[in-house]
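Asker: Got a structure here, written out as C-alpha cells. Questions coming.
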Protein chains: 2
Amino acid sequence: MRFAAILFSLSFLMLSSHTGAQSAPSLNLMPQPASLAPGSGALRIDANFSVAFTGHSEPRLRHAADRFFAQLQQQTGLSRFAGKKDNSSATLIIHTDHASKDVQELGEDESYTLEVTSTGAKLNAANPLGVLHGLQTFLQLVEVTADGFAAPVVTVKDQPRFAWRGLLIDVGRHFIPADVLKRNLDGMEAVKMNVLHLHLSDNQGFRVESRKFPKLQEQGSEGFFYTQEELRDLIGYARDRGIRILPEFDMPGHSTSFFVGYPEIASGPGPYPLDRKWGVLDPAMNPTEEKTYKFLDDFIGEMAKLFPDQYFHIGGDEVNGKEWDANPKIQEYKKAHNLKSNEELQAYFSQRVQKIVTKHGKTAVGWDEIFVPGVPKDIMIHSWRGPQSLAAAAQLGYHGILSNGYYLDLGWTAARHYAVDPMSGAAATLTDEQKKLIFGGESAMWSEYVGPENIDSRIWPRNAAIAERLWSPQSVRDTGSMYARLDVESARLEWLGLTHRAYYRKMLQRIAGPATPEEFAALKTLADVAEPVKEYTREETAPFEATSLTPMNRIVDAVSLESDTARHFSELVDKFLAGSCHDAAAAAGLRSYLTRWSRNDVAFASLAQKSSLAKEGAATSRDLSAVGAAGLAAIDAIAAAKPLSPDQQSQMNAVLTEAAKPKVQLLLVPVASVQKLVGAASQAELCGPK
Amino acid sequence: MRFAAILFSLSFLMLSSHTGAQSAPSLNLMPQPASLAPGSGALRIDANFSVAFTGHSEPRLRHAADRFFAQLQQQTGLSRFAGKKDNSSATLIIHTDHASKDVQELGEDESYTLEVTSTGAKLNAANPLGVLHGLQTFLQLVEVTADGFAAPVVTVKDQPRFAWRGLLIDVGRHFIPADVLKRNLDGMEAVKMNVLHLHLSDNQGFRVESRKFPKLQEQGSEGFFYTQEELRDLIGYARDRGIRILPEFDMPGHSTSFFVGYPEIASGPGPYPLDRKWGVLDPAMNPTEEKTYKFLDDFIGEMAKLFPDQYFHIGGDEVNGKEWDANPKIQEYKKAHNLKSNEELQAYFSQRVQKIVTKHGKTAVGWDEIFVPGVPKDIMIHSWRGPQSLAAAAQLGYHGILSNGYYLDLGWTAARHYAVDPMSGAAATLTDEQKKLIFGGESAMWSEYVGPENIDSRIWPRNAAIAERLWSPQSVRDTGSMYARLDVESARLEWLGLTHRAYYRKMLQRIAGPATPEEFAALKTLADVAEPVKEYTREETAPFEATSLTPMNRIVDAVSLESDTARHFSELVDKFLAGSCHDAAAAAGLRSYLTRWSRNDVAFASLAQKSSLAKEGAATSRDLSAVGAAGLAAIDAIAAAKPLSPDQQSQMNAVLTEAAKPKVQLLLVPVASVQKLVGAASQAELCGPK
C-alpha cells in the first residue's frame, strides 16, 4: 500500500513539479507534504468557520474536531467559531472512507488529500489516520495576512515516506510524568509522528505498575511510576492522535531496577539498591536459570496485555558481562552449552526472550545487539549503532528502524539531524525489496540530563526536523527552508502547551535570584549564546560527578541545545562576508551583538558574586566579552580598510582558541563565527574598500 | 483581636525599630511583614530540608506542606527533600495552637511568628491561617546565594493591617474558567490576600448553575458557567489557601442575563437577548412586583447554601432607570408608595433584597448605591466611588471596604495603586472607633477587555502592590523598594503557574505570524514600550466598537498595562539627569535604547504590510522611531555641550507632542522621559561640560 501511494505521488509530483514542496518554502508546513500544488487567493478564516464530517464516523473524529477548534482558537485568538455542522455548507468538509484498525498497526494507510479554495476546503482520507494528519496540515496553513487570518488556496496530496516515525522518551533514568508525555504526544501529532517509544525501565528506575510483580514498582521506582490506569489513559490519548505506544523493558542489562525487588533473577549475589550513577553498569539478568525465564514469561504476559501494540521492545543493549564472568555457575553453564563468549550467551538469552514475546502474540524489537546470525526473521532491529548495521540486517532479510543520528540528548543541531537519512550510507545500496525492510526511525530522548522542567526544550523544536526527515520525500533537504519553517513551528508548538520556550526564563530567574534587571539581562545574554557540551563529553567537563539525584538547576541545564541567537549571528556573519564586507545593515547588526557581548561581563561578574548557580558561567562570561571585543576589532579593521597586523591576529586567535574550550560544560557557540570575522579582517583583499 | 495584635506589633516595632520593615528592603518579602528583626547568617536549604508539625493537626496543614515543597522545588530546582518528619529534628518546626473556624470568618486571627536561625526555623501561629501566611513568608525568604540556596536569619512577627484583603474577578462579562481562577488563588495565597470576590452575573452572562432556575445558565450563559460541583471544588481550593469566596449577583441593574430565561422579573416587556455591548444598559429588575421578590427569595436561598461565606454581595450599582420610567405600572407604584425618585425606588428594592439575604442567614454587601439613609446597619458598603463615601458611611456606623483606586482594568501603575490607602483622605479624620468599621479593600479586575489568555497579565504583578497596601503597616510606602520587590515577586508568581509573563510572547507570535526574526524583534521592541490607553478612554480611541464577541488578539490586548521597559528607561533618564548628564554608563544605556527605537520602524513597517494585527501598531511604530531619534539628538547635544537651538527644540517638541497622542488605543510610554531629555538638552547650564 505504501509503495502504491508513493507511485501515485511521484506522478503527481511530475505534473506539478515546478510547484513542488521544495520550491514553495513560503508555506510554513512542517513536515513538507509529499506533493503540493499552490493556487492563487486564500480562504478567509473568521468566526463563521465551520466543519462537517461525512462518511465513516467515530468518537475519535469528534475529539479531533474539538482539538482542531481549540488549536485554531489559540492560533487566531478568535473567540468563537460556527463549529461543527452536519451539512455540506461547512467551510471545511471532511470525508473519511472507513475505519482504521482497532489497534493501530504499522503501515496502515495514512494518506490524505486537502483541497483549499477561496470558498471552502475539502479533506479526504481513507481512514481517520489520514484525517488527523490532514487537519494538522490545515492548521499549519492558517496564518495572519494583511487581511486577517486565512489559508492559502492549495492542493495537497500527502502520505508518509516511512511508516515508523517515532520518538523515544527514556522515563527510566528520570521519571517523566504522564502530563508531560501528553503534551509531547500533542507535539508529535502536530508534526505527524506516529510512535511514542517509552523506555520504561533502566538501572535507575522501573516505571510501570505490575500487579504480578508489585515489588518492581514498590522497590524499584521510589514512587515514580505510571499506574496501569494511567497507562491505559495515555495509550487512549495517543490513539486519539494516531500514535502507537511502544513499550520497552531493557534486558538483560540496564536492569538493576528489576533486581531491587527481585534479586533472584540477577547474575550477582545482591542485594541491589537502585543505581544512582550513569553509564554501562554491571548488573545483568541471569540467562542460565529457568526461573529467570519463568519470571519473564509471567511479566511479559502481563505487559503484553497492558500494551496493545503489536511490537514489544526488549532492549538488549550494552551488557558488559562482568556479573556473568564473576558467577561460576554461569561460567559452567556456558561451558556445558558450548557458548563461547558473552555475546553468544546474550544471543541465547535474546532468543529465549523473543520466544516468550512471540508466545504472547507480539513481535520483538531489540537494539543492534540482539541481531546475531540465526535469529528468527520476525524480530525488528532498532539500530543505535548506525546505518551500516541496519543495512547489514536488511540484506539478510531483517526489518529495522534507525535511531543512530537522531539522539536528541547529544546536542546536535537540527541541521545535522536533518541530514541523517535512514536510506543513506550503506542503505543506499540496498535493493528495492531490501529497502522496504527499513520501516523508518526514531528520535531518542535519553534522560540522564533532563527532567520534567527542561525535557520539552531538549526534544523541541529539533524533533520537528527529524519528523520531517521521516515523513517528507527524500528530496526535501534544504536546510535554510527547514530552519525558517522550524522557527514558525516552534511557536505553534508552544500553543499546544509544550514548554520548550517558557521553561527558559523560569530557569534563568532561579539562577539569577534577586538580580538587578541589568544582571538578569547579562545572564540571559550569556545563556542565549551558550550550549551544553556535545556528544558524551558532559561527564569529562563536569565540575562534579552527576547522579540521578543531582538537581538540574544549573546554567548547563537551562541553555538551549541549539542557540537560535548564535545561529542568527552566524547567518549575519556569512551575509556580511558574502557581500565582501560591504553590507552596512549586516555590519550594524554584527556591531550590535558584539558590543553587547563585549560589555556583558561587568554585570555578569557582579551576579556571579551573588549566586552560586550563576558563578558556573563566570569563565564563559569573560570569554564572551573577549570574543565580543575581538569581533569589534575585526569589524573596525575592515571598516578602516586596515588589515589586522600579524601581532593582532595571533593575539586574537589566542583569545578565540581559549574561548573555544568548554568551561564547566558550557560551549560558547559564536566563537567560530568571530574566527571567520578575524580571518576576513586579516586579509585586505577579501574585505578591502569598495 | 485584631486591635490587640496591632498593639503587640507596635511594641515589637519599637523594640526593633532600627531594623523595621522599611529599613530592610534587601529582603524580598511582599507584602512586608508587620515587624521584622534581621540577624546574621543564614539557614542553608538543601535536600536535607524537612518540616514537622506540632499542636493542632488537620488535612489543610498537610496540603499546605505539599504545596510548600512543590513551590520550594520550583524555586530551587532541588529534586528531592527529606520532606515531612514527625519529630523535632526537622529543619522547620511548625506549631499550630488550635483550629480556625469551619467556615473562614472575617477577622479571624491571621498572625504568625517565624524565627529563622542558622540551624533551623520555627513557625508558630494560633491557627492554620497564620501557618499558611508564615509558610509563604518562609518561601519568600529562600533565595540563591553565593553558597547555594538559603534563608537569612531573621525573626518575623506578622499580622495583617486589614482583615479584608480581596481581589474581585468579573466572570460575567467574559467567562474565566475555573482553572484560571485556581492559579489566581495560588497567587493570592502567595501575597496573603484572603477574599476572592466573584462577580458572577452581568448583562453579558450568568455564570452559576442554578438548580431551582436552570434557565439562568441554560439561556443566560451560552454554555459558559460553573457547575455547583465546580464551585464547591473551587471553594474548597480557596479554603485550603486561607481564602474566602464572596459571591456577587448584581441587581437590579447589570442583570440582563437573568432576563433571558426569566423575563417576568424584568421591568421591560422583553424578550431579552444577552447583551453584547458594554456600559450602563437599560434592563433592570422590576422592584414593584412581588414575583420578583419571590424569585429572589428562592434564588438567594439556593445560592446562600451553595456559597458558605457569611457575606453575600447583591451589587446594586449603575441603574439608569430608563426601564422604570418607561413602565406605567412602575410609575403608578412609585406614586402610590410615595417613592419620589428612582433612587428611592432602588433603595426600596435594596432593602427588600437585604431582608431576603438576612433571612437566609447572610450579611448583605452592596456597592455605594445601596447606602441610603435608614438602611439597616448590618450591611457592608463596597465603595467604587471613593474614600469619601466610605468615610461618610463609617461616620454613620456602617462597615465598608474600598475598591476605588484599586481597579486593575484602568491601567494605573503599581505605584499609583500603592499610594491609595483606605485610611487616607476623608477616612483619615475618622475616630478610632469609626476607623475600625473599614475592614479593608479589594482590587477589581473588570473583564470587558480580558479573557483567559491575558487576564493574569492584567492582575499581576500589580495586584501584589495592592496586597501589600492592605496587609503591611501604613508606614510601608517606599515606591522604589516596592518595585524592586515586585520584580522578584513577579518571577515567583510565574512558578505558581500564573501566565502573566508567558502569555506575552504567544500573543506577539500570533500578531507577527510568520515574521522574520528581525520583524518579530521589531514588534516586541514596540510592544515593550506601549500600553493600552488608560481609564475609560479605550472606547473613544477604538478603531471599531468592541463587544463581548470581539477577539482579544490585538496589540492592545497583548501589551502590558505597565511597561517594565519604559519604567527602566525612565529610571535611567532620571539617573542621567540627576548626575548632571555626566553618568557615562547611563548615557550608554540610554543610547542603546534610543538607537534601537530610532531604527525599529524599518522592520516594523515591513511586518505591518503582512499582518493585519500588526498593522494597528504602524503609527505608534513611526512615533517610536521619531522619539528615538529625538532622544538621540538630545543626548548628542548634551555630549557636545551644544544646547539645542530654539528651532530644534520646537521641532522636537512637535514630534513628541504628536507621539504622546494615543493611536489605535496605544500609548507610547517613553515619550515623557524623552521630553525630559530634550528639556535638559535645551538648557546648557543643567547639562553643560564638567
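The values are calculated or read from the model by the stated rules, or taken from the named source; none is laboratory data. All of these numbers come straight from a predicted model, not from anything done at the bench. When we count neighbours, we look across all protein chains shown, and the Cβ atoms used for this are built from the backbone with ideal geometry, even at glycine. Ligands, DNA and RNA are excluded from the accessible area calculation, which covers all protein heavy atoms including side chains. Shrake-Rupley method; radii C 1.70, N 1.55, O 1.52, S 1.80 Å.
Asker: Could you list the residues of segment A:359-393 with an amide nitrogen less than 18 Å from a label point located 7 Å from the Cα of residue A:429 in the Cα-to-C-beta direction?
Answerer: A:386-393, by backbone N distance to the label point.
Asker: If you take every residue apart from residue B:126 with its C-beta less than 11 Å away from the C-beta of residue B:126, what net charge results, scoring Lys and Arg +1 and Asp and Glu -1?
Answerer: Net charge around residue B:126: -4.
Asker: Name the residues of segment B:556-579 whose amide N is less than 19 Å from a point 7 angstrom out from the Cα of residue A:609 along the C-beta direction?
Answerer: none
Asker: By how many nm would the segment from residue A:658 to residue A:524 lengthen if fully extended, with 0.36 nm per residue of separation less the alpha-carbon distance?
Answerer: Full extension from residue A:658 to residue A:524 adds 46.0 nm.
Asker: Now for a different question. Let me know the charge dipole size of the protein assembly as shown about its Cα centre in debye, to the nearest 20, where only the beta-carbon of Lys, Arg (+1) and Asp, Glu (-1) is charged.
Answerer: 520 debye
Asker: Quick one: what do you get for segment A:588-644 if you divide its Cα Rg by 2.2 N^0.38 Å?
Answerer: Taking the Cα Rg and dividing by 2.2 N^0.38 Å, one obtains 1.33.
Asker: Once label points are set 7 Å from the Cα along Cα→Cβ at both residue A:672 and residue B:416, what is their separation, rounded to one decimal in nm?
Answerer: 5.2 nm
Asker: Counting other Cβ atoms within 10 Å, which trypsin sites (Lys or Arg not before Pro) in segment A:43-106 have at most 14 and lie in a DSSP loop?
Answerer: A:80, A:101
Asker: So how long is each side of segment B:518-602 along the principal axes, counting just the alpha-carbon atoms, biggest first, in Å?
Answerer: Sorted from largest, the Cα extents of segment B:518-602 read 52, 31, 16 Å.
Asker: Let me ask another. If you place +1 on the Cβ of every Lys and Arg, -1 on the Cβ of every Asp and Glu, and leave all else neutral, what size is the dipole of segment A:186-276 about its Cα centre, to the nearest 20 Debye?
Answerer: 200 debye
Asker: Give the percent of DSSP beta bridges with both residues in the protein assembly as shown that are antiparallel, rounded to the nearest 5.
Answerer: 35 percent
Asker: Expressed as a whole percentage, what fraction of the accessible surface of chain A belongs to carbon and sulfur atoms when a 1.4 Å probe is rolled over the protein heavy atoms?
Answerer: 56 percent
Asker: Where the only charges are on Cβ atoms (+1 Lys, Arg; -1 Asp, Glu), what is the dipole of segment A:210-323 about its Cα centre, to the nearest 20 debye?
Answerer: 180 debye
Asker: State, to one decimal in nm and shortest first, how far the label point of residue B:640 sits from each corresponding label point in the other identical copies (label point: 7 angstrom along Cα-to-Cβ).
Answerer: 2.4
Asker: Name the residues of segment A:543-583, by number, that are at least 50 Å² less accessible with every protein chain in place than in the isolated chain; the surface is that of heavy atoms, probe 1.4 Å, without ligands or nucleic acids.
Answerer: Correct list: empty.
Asker: At 222 nm, what value in deg cm²/dmol follows for chain A if DSSP H runs of at least 4 each add -39500 (n - 2.57) and the sum is divided by all its residues, to the nearest 500?
Answerer: The helix-only estimate for chain A comes to -13500 deg cm²/dmol at 222 nm.
Asker: Which lysines have a Cα lying under 26 Å from the Cα of residue A:335, excluding residues fewer than 8 positions away in the same chain?
Answerer: A:291, A:294, A:322, A:355
Asker: Let me ask another. Identify, among A:603, A:443, A:404, the residue whose Cα sits farthest towards the positive end of the charge dipole of the protein assembly as shown, taking +1 on the Cβ of Lys and Arg and -1 on the Cβ of Asp and Glu, with the dipole about the Cα centre.
Answerer: Farthest along the dipole direction, towards plus: A:603.
Asker: Further question on the same structure: Between residue B:102 and residue B:212, how high is the FRET efficiency from 1/(1 + (r/R0)^6) when r is the Cβ-Cβ distance and R₀ = 22 Å? Nearest 0.05.
Answerer: Efficiency computed from Cβ-Cβ geometry: 0.30.
Asker: Let me ask you something else. For segment A:308-350, divide the Cα radius of gyration by the Kirkwood radius and give the resulting Rg/Rh value with two decimals.
Answerer: That ratio equals 1.10.
Asker: Also, I was wondering about something else. Might you tell me the accessible area per residue for the protein assembly as shown, computed with a 1.4 Å probe and given in Å²?
Answerer: So the protein assembly as shown comes to 36 Å² accessible per residue, rounded to a whole number.
Asker: For residue B:99, place a label point 7 Å out from Cα along the Cα→Cβ vector, do the same in each other copy, and report the separations in nm, one decimal, smallest first.
Answerer: 5.4
Asker: Another question, then. Once B and A are treated as a pair rather than alone, how much accessible area drops out, both sides summed, in Å² to 100, probe 1.4 Å?
Answerer: 3400 Å²
Asker: While we're on this one: Within the set of other residues whose C-beta is less than 13 Å from the C-beta of residue A:662, count the net charge using Lys and Arg as +1 and Asp and Glu as -1.
Answerer: After counting each charged neighbour, the total is -3.
Asker: If you don't mind, there's one more thing I want to ask. Stick to Cα atoms and the Kirkwood definition of Rh, then tell me Rg/Rh for segment A:616-690.
Answerer: Reported Rg/Rh, Kirkwood definition of Rh: 1.03.
Asker: Here's another thing I want to ask about it. For Cα pairs less than 8 Å apart in space and 6+ apart in sequence, what is the mean separation divided by the residue count of segment B:89-168, i.e. the relative contact order in percent?
Answerer: 32 percent
Asker: Also, quick follow-up: For segment B:320-433, calculate the relative contact order in percent as a whole number, restricting contacts to Cα pairs under 8 Å that are 6 or more residues apart.
Answerer: Relative contact order, segment B:320-433: 16 percent.
Asker: Now for a different question. So the label point sits 7 Å from Cα along the Cα-to-Cβ vector; using that for residue B:335, what distances do you get to the other copies, in nanometres, sorted shortest first?
Answerer: Computed spacing set for this position: 12.2 nm.
Asker: Between residue A:516 and residue A:332, 0.36 nm times their residue separation minus their Cα-Cα distance comes to what?
Answerer: Roughly 59.4 nm would be gained on extension.
Asker: Still on this structure, I have one more. Among the residues of chain B, which one places its Cβ closest to the rotation axis that maps chain B onto chain A, and what is that distance in whole Å?
Answerer: For chain B, the closest residue to the axis carrying it onto A is B:502, 2.
Asker: Calculate the radius of gyration of the Cα atoms of chain B to one decimal place, then report Dmax, the largest Cα-Cα distance, as a whole number, both in Å.
Answerer: Cα-based Rg and Dmax for chain B come out at 27.2, 83 Å.
Asker: Can I get the semi-axes of the protein assembly as shown's equivalent ellipsoid? Compute them from the C-alpha gyration tensor as square roots of 5 times the eigenvalues, in angstrom, largest first.
Answerer: 54, 40, 36
Asker: Of B:637, A:311, B:665, which is farthest on the positive side of the dipole of the protein assembly as shown, counting Cα position, with +1 on Lys and Arg Cβ, -1 on Asp and Glu Cβ, and the Cα centre as origin?
Answerer: Positive-most Cα among the choices belongs to B:637.
Asker: What number, in percent, do you get for the relative contact order of chain A if the mean sequence gap of Cα pairs under 8 Å and at least 6 apart is divided by its residue count?
Answerer: Relative CO of chain A lands at 11 percent.
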